[in-house]
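The structure under discussion appears below in the form of structure tokens.
We did not get these values from a lab; they are worked out from the coordinates using the rules stated. Quick caveat, the model's predicted, so the values are computed rather than measured. All Cβ positions, even for glycine, are placed from backbone atoms using ideal geometry, and neighbour counts span all protein chains on display.
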């Protein structure tokens, strides 16, 4: 968590693939639990960094430690470096932030962060469909229903300017409709 908290630039969406790599690929948390935690974190207000607290508690529980201790250590690990960095560099930042080369570097770093966000969206799309048969997740593209949900919400959000909360609720309702249809089969 400390390493992820140290190298992150671009906020929560950027930290998701790093935490997935550090936690899931090491086998401390399953892909399924990671995606469930991500869904829970997305449902609540606040930074996506909060997934670190969930992962810390789950990892601690899985290795036989106190989950509350794991959550606290993960919180310190993910938020601590940024807090130290911000407080330690405020004086220097005030002196250099208007310089041309600093703005150019920040534009490049922001472009990289956007690329990481697209990577997150793609990876979630590739493993976002969880069911009893596919514990590791399947691509949402395997089920035409989710293509319709994604396309519908994109069109209404982008072209008709429907607000993001409405499109999120719409996606949730379409998911419930699908669940009702599939559960009756």
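Sorted ascending by nearby beta carbons within 10 Å, beginning with the fewest, 174, 83 become 83, 174.
Largest mean-square fluctuation among 94, 137, 82, in a Gaussian network model of the chain whose springs join Cα atoms under 10 Å apart, belongs to 94.
Principal-axis analysis of the Cα atoms of the chain puts helix 164-183 at an angle of about 40° to the longest axis.
Distance from the C-alpha centroid of region 65-79 to that of region 16-36: 16 Å, rounded to the whole angstrom. Springs join every pair of Cα atoms under 10 Å in this Gaussian network model of the chain, and among 96, 24, 109 the largest mean-square fluctuation is at 96.
Seen against the Cα atoms of the chain and their longest principal axis, helix 144-158 is set at about 50 degrees. Counted residue by residue at 0.36 nm each, then reduced by the alpha carbon distance between them, the extension gain from residue 139 to residue 43 reaches 32.4 nm. Assuming a ≥ b ≥ c are the square roots of the Cα gyration tensor eigenvalues, decide whether region 80-185 counts as rounded (a/c under 1.5), prolate (otherwise, with a/b larger than b/c) or oblate. The shape class here is prolate.
Within a 10 angstrom radius of the beta carbon, how do 142, 33 rank from fewest other beta carbons to most?
Values: 142 11, 33 17.
Listing 142, 33 from fewest to most nearby Cβ atoms yields 142, 33.
The ranking of 61, 184 by Cβ neighbour count inside 10 Å, starting from the fewest, reads 184, 61. Once a ≥ b ≥ c are taken as the square roots of the eigenvalues of the Cα gyration tensor of the chain, is the result rounded (a/c under 1.5), prolate (a/b larger than b/c) or oblate (a/b not larger than b/c)? The shape class here is oblate. Between the Cα long axis of helix 67-96 and the first principal axis of the chain there is an angle of about 50°, rounded to the nearest 10.
Using Cα pairs closer than 8 Å and at least 6 residues apart in sequence, work out the relative contact order for the chain, in percent. Show your work: numbers first, answer last.
On the way: 170 pairs, mean separation 37.0, N = 185.
Once normalised by length, the contact order is 20 percent.
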